Amino acid sequence: MNIFRLLGRALGSFLVILIFLLLIGEGVYEGLPTGYQFNRTEILLFVFLSLSVLGMLVAWRNELWGGAFTLAGGLLFIALESIPKGRLTGGWVFFAILLTGVLFLASHYTTRQREI
């Protein structure tokens, strides 16, 4: 097995579980307080994070598309968080998401090189 694939799957699995635990811990399953409205930025951040999670799941079958979705979602999330503040923001989790996308893409390209 390709080392990039192994590391990408391990890190991706950890991050997917961590994100789902975060959603449960924040009480998403119980609903939001009455009258709470999401603003556009919060909706976009959720969409970009969901794109990253979807990419990590897709990468188990197709590393190219999964890596691309993971990387795109992570970059868009970090950009939307950082641009208004004028500095790079986000914790280690968001950079781990980017690393996961890069690992999946590296796995795809190294496997492809061996097949040629």
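Examine segment 109-116 for a residue that is among the acidic types (Asp, Glu), in a helix (DSSP H, G or I) and either closer than 14 Å to ARG9 by Cα or under 17 Å from the mean Cα position of the chain (by Cα) (or both), and state whether such a residue exists. No, because not a single residue in segment 109-116 is among the acidic types (Asp, Glu), in a helix (DSSP H, G or I) and either closer than 14 Å to ARG9 by Cα or under 17 Å from the mean Cα position of the chain (by Cα) (or both). Between LEU105, LEU64, LEU98, LEU88, the distinction of being without any contact (Cβ under 8 Å) to a residue 60 or more places away in the chain and under 12 Å from the mean Cα position of the chain (by Cα) belongs to LEU98 only. A single member of THR110, THR70, THR89 is in contact with a helix residue (DSSP H, G or I) (Cβ under 8 Å, 6 or more places away or on another chain) and crowded, with 18+ Cβ neighbours inside 10 Å, and it is THR70.
Each reported figure results from applying straightforward, stated rules to the coordinates on display, with no laboratory input. Please read all numbers here as calculations on a predicted model, not as lab measurements. Cβ coordinates were reconstructed from backbone atoms using ideal geometry, including for glycine residues, and neighbour counts include every protein chain displayed.
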